[in-house]
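Since the structure comes first, as structure tokens, the remarks are kept for the end.
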Protein chains: 2
Amino acid sequence: MRSPAGSLRASDIGRTVTVSGWVQRRRDHGGIAFIDVRDASGVIQVVADPAEHEEVTDLKMEYCISVTGVIRARPEGTENPDLPTGGVEMGVEELAVLSSADTLPFMIDDRVEIDERTRLRYRYLDLRRPRMGANLRARSRATAAIRRTLDEQGFLEVETPTLVNSTPEGARDMLVPSRLRKGEFYALPQSPQLFKQLLMVAGVERYFQIARCYRDEDFRADRQLEFTQLDLEGSFWDRDDVLDTIESVLVAVTKELRGIDVTRPFPRLTWQESMERFGTDKPDLRFGAEIIELSDLFGESGFGVFRDTLAGGGTIRGINVGQQEWSRSRADSLTERAKELGAKGLVWMIVEEDESLRSPVAKFLDDKELTGIRDALDAKPGDVLLIAADRWKLAVEVLGTLRNDLLRPSAHQDLAFLWVIDFPLFEEEEDGTITFSHHPFTSPASLDDMRDNPTGAISKAYDAVLNGVELGSGSVRIHDPDVQRQVFDILGIEPATAERRFGWFLEALRYGTPPHAGFAFGIDRLVMVLQGETSIREVIPFPKTQSGVDPMTGAPTWVEETQLEELGVTLTESALARRELPDDPGE
Amino acid sequence: MRSPAGSLRASDIGRTVTVSGWVQRRRDHGGIAFIDVRDASGVIQVVADPAEHEEVTDLKMEYCISVTGVIRARPEGTENPDLPTGGVEMGVEELAVLSSADTLPFMIDDRVEIDERTRLRYRYLDLRRPRMGANLRARSRATAAIRRTLDEQGFLEVETPTLVNSTPEGARDMLVPSRLRKGEFYALPQSPQLFKQLLMVAGVERYFQIARCYRDEDFRADRQLEFTQLDLEGSFWDRDDVLDTIESVLVAVTKELRGIDVTRPFPRLTWQESMERFGTDKPDLRFGAEIIELSDLFGESGFGVFRDTLAGGGTIRGINVGQQEWSRSRADSLTERAKELGAKGLVWMIVEEDESLRSPVAKFLDDKELTGIRDALDAKPGDVLLIAADRWKLAVEVLGTLRNDLLRPSAHQDLAFLWVIDFPLFEEEEDGTITFSHHPFTSPASLDDMRDNPTGAISKAYDAVLNGVELGSGSVRIHDPDVQRQVFDILGIEPATAERRFGWFLEALRYGTPPHAGFAFGIDRLVMVLQGETSIREVIPFPKTQSGVDPMTGAPTWVEETQLEELGVTLTESALARRELPDDPGE
């Protein structure tokens, strides 16, 4: 019978126990070997005399061993109060090497910096590190807490297929050739959206699933080809039913991983308010520096840029980013950043000790304007003020981005959950075409508004945000096939195309579909924030690199031509040409 | 506030409630409409006067409605004791149609027989039927019970990737072209086998996952391209640790779905014993008719077939299949079946009232032989005896198959769990090549035996069987890279090939790999048997047909050439030719 190494205490003194685990550390003092043996539960110090136990001589880091011996008190003065087992040590009666270890590519130690590629190449060793082990356990506890919470509320967990047909949700589908129907393809699901709506049609009423989803987007900082989401839907539900349920889940997971009780209900901001105050639809509420409208100050300004902006229908907004180290080059780089974001420029001002404002544009502004800025932005000596003059969306977005750049905490010590509600139903592209903001199955807040002024219409969509990270989004769905057709129409999807792509779904809506609403949030991101990590790769057991490669297994790989032929496909000339090239060592 | 329809009782009399659900049935008596409204919780009878509530007039089957009204006692004599809500009915104050329904393709009624293709085409309606709804709920409860059981035992649920590289587990991989590395492919996992072993290397110690897996096999009676398994692995484990854990899971699920306590430990048969007694490695223990060796009776037989079989190293075995309707054509069809299975023929005997044996071969056998058969097979008047004379494996397999054909109950009223242990390590193909029985990562029972006589060697593999259905299998794994190499060697995998395909895995084994063992069982099959279904499609929410088609969504489908080009692939000529053909209406 094996004892967990980390469970041994003073109460075990005198017991003979067997511990199996890994050699974490080994020191030799006065001819005696002190071996820290680690298993999943913790670490115990084993004390052995190599003269008595020859096997000890060869023990190296990360050997997997089994030790039987008596637990005894550590000699006075050698206790380790930092270790739960630090009051005891273990003698050796028998010691067996279960498995030896080659020299490690890196130390199993959180304090050692290792480049990510090496970590992924040896992920099985990386996961032995305490921080990564804690992340694995946290993720398991998070999903258990989610299931427990939803189980108590009568939700059914239902598995939806992962070999589906293409859906129109923006990102590219990953495809799977069919062998039995050569030339045809399955798609991997971007989400179980239509299937969960069908479960509502089927009368399930309360559905959830922790679902693997796939998006073949170009890898941005923190995307994976496959990711995991909590997917949830309820019938006879309106928005607040969803928000209430999702809050209960987020609170339960936070309690499980952080041990704290988050206050409910979460704050709610309309999309409009979120943009006005924070310049983003995923505001980080852990700090202030809200965006303030300054337009009223400059109707008659002597500063041409401000005056012209207002005359052209634009707006002037400012934020106070507080005390900042300041220099000419800092000012230049912020202006550069604003321009990258599409702004024509950026006005900065420093509040001097005497409360006067130092700024390249100060000379164009009169005292009333300068006082107005100071008052509106609650400026104190040493504060840095940033002002953008542009069309509304660009102005608030630029300031919102700079707000995050300058003030957002890098760690996730505090937690600020919120809801953003009342998203626009549609977005207008530069070329005037209309596209959906959320997805085409989202219910409009008002049918009349949608018909009269599509691009001004509000939807019944909502997002959950934590510390400036979008956890997920949901909406009340369209349950009336006529409304669904009208939406397709506004989106410029021809009736014949809608029929071909969604005919089966539109038909399903015709058999007594209940009103329904739902949500999906990314488990990876939630666990990331709660574990205080800044990349989802830290909480995914076996992630891929930015280019979609697994440095451990080498996936993806070239396959035999004959295997492809069986599937009705063959490589294009450009793919074949790539095959001839030496493998890119950077990947 | 909505009340669950099925929850309403006499204690609710006088309360005004709102119920939302579907019109399940509607009868009109004396100008009054009696409407059964169904939701996920059950059914309530709503009584409405169409003269007062005009909307009632139009209500048709499966309209989705919302009703507010007072609960009252049913008039004496009209109570329905078969219905939990049968003592009460609901009056109408307000009635709203939430969603109308077209004429249904079939009735929402378990008693109606519908062909499976139509059911799958309208799965969202099929799932409204009580039996299918019960199956959905049962599956959800089964996975919840699995997780609860393993959670209590300290297992971590860990997600492994589903975009992996090809594995060598026999069945064909499903492939996913990579867009970022054109020409290369991911595979969908046949199981998380190597990843779960890596988690053991990583020190997880107790892992489980309810994992989606993929096998592109030709669809046999009851296969799907994707299926779900409980995948489990433990470190420092031997076989009995696995069997103990899996038994605890199977007992918990059975308790949850059937309400009965299965006796533990489950019976264990060695593979050899299972084959000898039942002619299969997945015996159905719900009935007897075990296979009996009769060879000793016929060493000197006057019946040439028996004598020659024994002389050629074969065996003679019989079973008593009890009372059977018997006719010449029945005898012929059984003989035909035996021949299909590879036997040269089949001997049948009927026990007459006077205990004499009627059989085409009786005349070749002497009294001692006939008495010997009767005694060995415990024959009583009216029994049918079947005898096979062939090489051992064929003889027992033929009788095992006929045993099932003739005696296996079609329903799953009783439950007979068992373990089959000590499987052969390897199998010898007809051409003399050696292949693995379980998978190439299975530990041999003895290294010496493996080296000395590979095809006779026993492995540490085991199967769980329920009512003749193989639920799943597992093994103690190889944790020593040298042993793993020896196995590859016996399997005829060249060192260079092993290195190319598994080098990364062999390397992982070199860093202190703990001894480990595990198991995987199919959730679909377990729930199928426990729900008394005979096809896994009845317990999969959205299954595909035998040809891998979803008749509802039409998946798989043809996709745009440009979309394929982005992925570095193009259709073969034969696939293109298929595209020109009219779609096969049979699919």
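For the range B:105-120, enumerate the residues that are within 12 Å of chain A (Cβ to nearest Cβ), farther than 24 Å from residue A:207 by Cα and hydrophobic (A, V, I, L, M, F, W, C). Passing the criteria: only B:106. Inspection of the range B:458-475 finds no residue satisfying the criterion of being modelled with pLDDT under 95, away from chain A (no Cβ under 14 Å) and in contact with a strand residue (DSSP E or B) (Cβ under 8 Å, 6 or more places away or on another chain). Considering the conditions (1) touching a strand residue (DSSP E or B) at 6+ places or on another chain (Cβ under 9 Å); (2) facing chain A (nearest Cβ under 9 Å); (3) assigned to a loop (DSSP other than H, G, I, E, B), residue B:218 is excluded by exactly one of them, (1). Please verify whether residue A:303 is surrounded by fewer than 21 Cβ atoms within 10 Å (Cβ to Cβ) and not charged (D, E, K, R), treating the condition exactly as stated. Answer is yes for this residue.
Residues that are in contact with a helix residue (DSSP H, G or I) (Cβ under 6 Å, 6 or more places away or on another chain), more than 14 Å from every other protein chain (Cβ to nearest Cβ) and β-branched (Val, Ile, Thr) are absent from the range A:48-66.
Pairs under 8 Å by beta carbon, first residue more than 18 Å from residue B:302 (Cβ to Cβ) in the range B:368-395, partner of a type in the set (Phe, Trp, Tyr), six or more apart or different chains? Sorted first by the residue in the range B:368-395, then by its partner, the pairs are B:384/B:326; B:384/B:348; B:385/B:348; B:386/B:348. Screening residue A:66 with (1) crowded, with 18+ Cβ neighbours inside 10 Å; (2) under 39 Å from the mean Cα position of the chain (by Cα); (3) touching a residue at least 40 places away in the same chain (Cβ under 8 Å) gives one miss only, at (2). Against the criterion of being in a loop (DSSP other than H, G, I, E, B) and surrounded by 17 or more Cβ atoms within 10 Å (Cβ to Cβ), residue B:139 does not qualify.
Within the option set A:382, A:372, being in contact with a helix residue (DSSP H, G or I) (Cβ under 9 Å, 6 or more places away or on another chain) and either small (Gly, Ala, Ser) or on the phi > 0 side of the Ramachandran plot (or both) holds for one residue only, A:372. Please go through the range A:149-184 and give me each residue that is within 9 Å of chain B (Cβ to nearest Cβ) and assigned to a helix (DSSP H, G or I), ordered by number. The one that is within 9 Å of chain B (Cβ to nearest Cβ) and assigned to a helix (DSSP H, G or I): A:151. Does at least one position in the range A:121-135 carry a residue that is away from every other protein chain (no Cβ under 11 Å), more than 29 Å from residue B:148 (Cα to Cα), touching a Phe, Trp or Tyr at 6+ places or on another chain (Cβ under 9 Å) and not aromatic (Phe, Trp, Tyr)? For the range A:121-135, residues away from every other protein chain (no Cβ under 11 Å), more than 29 Å from residue B:148 (Cα to Cα), touching a Phe, Trp or Tyr at 6+ places or on another chain (Cβ under 9 Å) and not aromatic (Phe, Trp, Tyr): absent.
Of the listed requirements (1) free of Cβ contacts under 8 Å to residues at least 12 places away in the same chain; (2) more than 24 Å from residue B:233 (Cα to Cα), residue B:503 misses just one: (2).
Scan the range B:320-367 for residues that are more than 18 Å from residue B:305 (Cβ to Cβ), touching a residue at least 60 places away in the same chain (Cβ under 8 Å) and in contact with a Lys or Arg (Cβ under 9 Å, 6 or more places away or on another chain) and the total you get is 5. Looking across A:221, A:211, one residue alone is modelled with pLDDT of 95 or more and of a type in the set (Gly, Ala, Ser). It is A:211. Counting residues in the range A:10-17 that are touching a residue at least 60 places away in the same chain (Cβ under 8 Å), in a strand (DSSP E or B) and surrounded by 21 or more Cβ atoms within 10 Å (Cβ to Cβ) gives zero.
I'd like to check something: does the range A:524-546 contain any residue that is on the phi < 0 side of the Ramachandran plot, over 24 Å from the mean Cα position of the chain (by Cα) and either among the aliphatic types (A, V, I, L, M) or at the interface with chain B (Cβ under 9 Å from one of its Cβ atoms) (or both)? Among the residues of the range A:524-546, not one is on the phi < 0 side of the Ramachandran plot, over 24 Å from the mean Cα position of the chain (by Cα) and either among the aliphatic types (A, V, I, L, M) or at the interface with chain B (Cβ under 9 Å from one of its Cβ atoms) (or both), which makes the answer no.
Going by what's in this entry, would residue B:551 be described as assigned to a loop (DSSP other than H, G, I, E, B), at pLDDT 95 or above and under 30 Å from residue A:127 (Cβ atoms)? No. Scanning the range B:185-202 for residues that are facing chain A (nearest Cβ under 7 Å), part of a helix (DSSP H, G or I) and within 12 Å of residue B:161 (Cβ to Cβ) gives B:195, B:198.
Here residue B:345 meets each of (1) over 34 Å from the mean Cα position of the chain (by Cα); (2) closer than 18 Å to residue B:293 by Cα; (3) part of a loop (DSSP other than H, G, I, E, B) with one exception, condition (1). Among the conditions (1) out of contact with any strand residue (DSSP E or B) (no Cβ under 7 Å at 6 or more places or on another chain); (2) buried (at least 20 other Cβ atoms within 10 Å of the Cβ), the only one that residue A:494 does not satisfy is (2). Could you say whether any residue in the range B:260-278 is farther than 30 Å from residue B:399 by Cα and either outside any strand (DSSP E or B) or at pLDDT 95 or above (or both)? Scanning the range B:260-278 turns up at least one residue that is farther than 30 Å from residue B:399 by Cα and either outside any strand (DSSP E or B) or at pLDDT 95 or above (or both). Being in the same structural domain as residue A:367 (by TED's automatic domain parsing) and either touching a Ser or Thr at 6+ places or on another chain (Cβ under 9 Å) or outside any helix (DSSP H, G or I) (or both) is the requirement here; does residue A:317 meet it? When the stated conditions are applied, residue A:317 passes them.
Residues checked against (1) part of a loop (DSSP other than H, G, I, E, B); (2) surrounded by 21 or more Cβ atoms within 10 Å (Cβ to Cβ); (3) within 10 Å of chain A (Cβ to nearest Cβ):
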{"position": "B:204", "(1), (2), (3)": "yes, yes, yes"}
{"position": "B:208", "(1), (2), (3)": "no, yes, yes"}
{"position": "B:222", "(1), (2), (3)": "yes, no, no"}
{"position": "B:232", "(1), (2), (3)": "no, yes, no"}
{"position": "B:244", "(1), (2), (3)": "no, no, no"}
{"position": "B:251", "(1), (2), (3)": "no, no, no"}
{"position": "B:255", "(1), (2), (3)": "no, no, no"}
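Restricting A:56, A:43 to residues that are under 20 Å from residue A:7 (Cβ atoms), surrounded by 15 or more Cβ atoms within 10 Å (Cβ to Cβ) and not assigned by TED's automatic domain parsing to the domain that holds residue A:534 narrows the list to A:43. Can you find a residue that is on the phi > 0 side of the Ramachandran plot and without any contact (Cβ under 8 Å) to a residue 40 or more places away in the chain anywhere in the range B:418-433? Yes, the range B:418-433 contains at least one residue that is on the phi > 0 side of the Ramachandran plot and without any contact (Cβ under 8 Å) to a residue 40 or more places away in the chain.
Filter the range A:311-344 for residues that are on the phi < 0 side of the Ramachandran plot and in contact with a helix residue (DSSP H, G or I) (Cβ under 6 Å, 6 or more places away or on another chain) and give the result.
Passing the criteria: A:315, A:316, A:317, A:319, A:321, A:338, A:341, A:343.
Against the numbered list (1) assigned to a loop (DSSP other than H, G, I, E, B); (2) away from chain A (no Cβ under 14 Å); (3) modelled with pLDDT of 95 or more, residue B:71 comes up short only at (1).
The values are calculated or read from the model by the stated rules, or taken from the named source; none is laboratory data. Just so we're clear, the structure is a prediction, and the values are computed from it rather than from any experiment. Glycine also receives a Cβ, built like all others from the backbone with ideal geometry; neighbour counts cover every protein chain displayed.
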